[in-house]
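Asker: The structure follows.
The values are calculated or read from the model by the stated rules, or taken from the named source; none is laboratory data. None of these values were measured; they are calculated from a predicted model. Neighbour counts run over all protein chains shown; Cβ positions are idealised from the backbone, glycine included. Ligands, DNA and RNA are excluded from the accessible area calculation, which covers all protein heavy atoms including side chains. Shrake-Rupley method; radii C 1.70, N 1.55, O 1.52, S 1.80 Å.
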Amino acid sequence: MRVGVAGLGRIGAMHARNLARTPGVDEVVLIGRDAGRTAAVQSRLEQQRTADGAAWASVSSTIDPLADVLPSVDGILVASATDTHADLARVVAESRTPLLIEKPLALGVDELTSLSRDLEATGTPIMVAFHRRYDPGYQRLRRHVLDGDVGTLRLVQATENDHYALPLDYIPQSHGMWLDLLVHDFDIIPWVVGDPVVEISMIGSVLDEPVYGDHDDTDTAMVTLRFASGAVGSIGALRRSDAGQDVRLEVTGSKGAYGAGYGPRTPITSTEPDGTAPENPYDTFGDRFVPAFEEEIAHFVRMIRGESESLTPPAAGLVATALAEAAAESFHTGRPVRPRTTA
């Protein structure tokens with residue numbers, strides 16, 4: 001199997017490495033516009049393969065346009081800049097090449113609704129990279145809810161703390177915490193609990209980096225949620241936490257409480273008499289979600305073979321995008337907002 005990777009930043013390089021380490025992949029083709037950068041990524045992957053000592057697929061590179069490469073690959077992974085996603089998704093879908101594309105496909109509900117309909121009409125297998133749906137912990141948490149172990153849903157609590165601050169020059173183009181960071185929570189929470197959010201509120205402060213305030217953004221936030229069932233929830237979010245990368249979700253119901261993201265590397269130090277400090281706290285989101293990213297790629301390979309269907313088709317992002325829009329409105333107006341329906 002020959003799989004291409006277009007977009008060779010941090011995310012693209014990580015996906016290329018995981019593809020090269022996935023059984024069934026014979027060659028990973030790095031697709032870039034800058035020959036020097038593409039060669040540098042290829043060299044770095046070769047060094048990682050040598051250090052790994054495990055069986056890897058071969059890695060090649062090209063600066064040919066994506067459209068010219070598509071006929072020669074079995075699948076394509078797109079991890080380019082956000083503003084290129086819609087156009088590249090259309091090009092790939094029209095070629096009928098199985099696609100895994102980084103989120104978001106589009107920044108607004110209206111644009112995403114139109115785009116997802118067009119993409120799905122082609123019949124091309126497409127996965128959008130909401131990677132938490134492929135994470136074993138979140139999948140088990142969802143199963144506890146579906147199997148009734150939680151009982152009647154009452155309370156949902158999430159933590160979304162990045163370890164390292166964003167580069168200052170990225171903040172103006174990040175599209176706000178609601179779309180750049182919290183969108184993952186807006187996707188995974190309704191998916192896990194199976195209960196739509198009918199009201200959302202968001203407050204925030206600028207406590208870490210003043211440039212967030214210059215762009216009507218926030219680095220420290222709290223989101224509250226009200227679900228259709230009457231259950232309530234919250235998401236606490238920090239753009240920088242020196243404790244480490246901290247991403248958790250806890251679901252409490254009438255029969256029990258279950259959580260994902262808890263373990264010896266969770267960056268919380270207990271102050272109880274027998275409490276312990278975390279061992280090797282998670283460093284980055286890539287570190288925190290190693291199993292999710294690996295399973296996402298393995299699922300993509302199975303989808304290319306026709307053995308699995310996408311858990312994250314183009315329309316999957318509609319709920320998260322609607323919640324992000326509502327959170328932004330609440331943040332700027334100070335009022336609770338009912339998210340737009342995406343049915």
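Asker: In whole angstrom, how long is each semi-axis of the equivalent ellipsoid of region 201-325, when you take the square root of 5 times every eigenvalue of its Cα gyration tensor and sort them from largest down?
Answerer: 27, 23, 19
Asker: Roughly how tilted is helix 136-146, in degrees to the nearest 10 and between 0 and 90, from the longest Cα axis of the chain?
Answerer: Once rounded, the angle reads 50 degrees.
Asker: Using only Cα atoms, find the angle between the long axis of helix 10-20 and the longest principal axis of the chain, and express it within 0 to 90 degrees, rounded to the nearest 10.
Answerer: It works out to around 60 degrees.
Asker: Expressed as a whole number of Å, what is the distance separating the alpha-carbon centroids of region 287-309 and region 244-285?
Answerer: Centre-to-centre distance over Cα atoms comes out at 25 Å.
Asker: Once phi is turned into θ = phi - 60°, what whole-Hz ³J(HN,Hα) does the Karplus curve with 6.51, -1.76 and 1.60 give for every residue of region 126-132, x standing for Gly and Pro?
Answerer: Working through the residues one at a time gives 9, 10, 9, 7, 7, 5, 5 Hz.
Asker: Order of 225-235, 293-303, 43-53, 114-124 by packing, highest average Cβ count within 10 Å first?
Answerer: Per-residue mean Cβ counts within 10 Å order the peptides as 293-303, 225-235, 114-124, 43-53.
Asker: Of the beta bridges DSSP finds with both residues in the chain, what % are antiparallel, to the nearest 5?
Answerer: Antiparallel bridges: around 50 percent, rounded to the nearest 5.
Asker: Across every pair of different alpha-carbon atoms, what Kirkwood hydrodynamic radius in Å does region 162-264 reach?
Answerer: Hydrodynamic radius (Kirkwood, Cα pairs) of region 162-264 is 14.9 Å.
Asker: In the chain, what is the volume of the convex hull around the alpha carbon atoms, normalised per residue and reported in Å³?
Answerer: 147
Asker: Something else about it: Given 0.36 nm per residue, what is the gain on full extension from residue 199 to residue 338 after removing their alpha carbon distance, in nm?
Answerer: That pair, residue 199 and residue 338, stretches by 49.6 nm at full extension.
Asker: Of the residues 251, 290, 319, which exhibits the maximal mean-square fluctuation in a Gaussian network model of the chain defined by a 10 Å Cα contact cut-off?
Answerer: 290
Asker: Follow-up. Using the Karplus curve 6.51 cos²θ - 1.76 cosθ + 1.60 with θ = phi - 60°, what ³J(HN,Hα) values do you get for each residue of region 87-92, in whole Hz, with x for Gly and Pro?
Answerer: 5, 5, 4, 5, 4, 5
Asker: So with the 1.4 Å probe, I'd like the accessible area per residue for region 1-142, rounded to whole Å².
Answerer: 43
Asker: Using a 1.4 angstrom probe on the protein heavy atoms only, line up 91, 197 by accessible area, largest first. All intermediate terms of the calculation are to be shown ahead of the outcome.
Answerer: On the way: 91 60, 197 20 Å².
So the residues, ranked largest to smallest area, are 91, 197.
Asker: Within the accessible area of region 191-324, what % is carbon and sulfur when the probe is 1.4 Å and the other protein chains stay in place?
Answerer: Numbers: 2990 of 5980 Å².
In region 191-324, the share of accessible area belonging to carbon and sulfur is 50 percent.
Asker: A follow-up question, please. Could you look at region 36-132 and say what percent of its accessible area is carbon and sulfur, using a 1.4 Å probe and all protein chains?
Answerer: On region 36-132, the fraction of accessible area on carbon and sulfur atoms equals 49 percent.
Asker: I would also like to ask the following. Over 15 Å, how big is the tail of the calculated P(r) for region 188-230, in percent of all Cα pairs?
Answerer: Tail fraction, whole percent: 54.
Asker: How high is the FRET efficiency from residue 242 to residue 170, r the C-beta distance, R0 25 Å, rounded to 0.05?
Answerer: So, using R0 = 25 Å, E works out to roughly 0.80.
Asker: Write down Rg/Rh for region 1-136, rounded to two decimals, with Rg from the C-alpha atoms and Rh from the Kirkwood relation over Cα pairs.
Answerer: With Rh from the inverse mean 1/r over Cα pairs, Rg/Rh is 0.97.
Asker: Continuing with the same structure: At 222 nm, what value in deg cm²/dmol follows for the chain if DSSP H runs of at least 4 each add -39500 (n - 2.57) and the sum is divided by all its residues, to the nearest 500?
Answerer: That calculation yields -10500 deg cm²/dmol at 222 nm.
Asker: A further question follows. Taking only Cα atoms, what is the 0 to 90° angle, nearest 10, from helix 183-193's long axis to the longest principal axis of the chain?
Answerer: Helix 183-193 sits at roughly 70 degrees to that axis.
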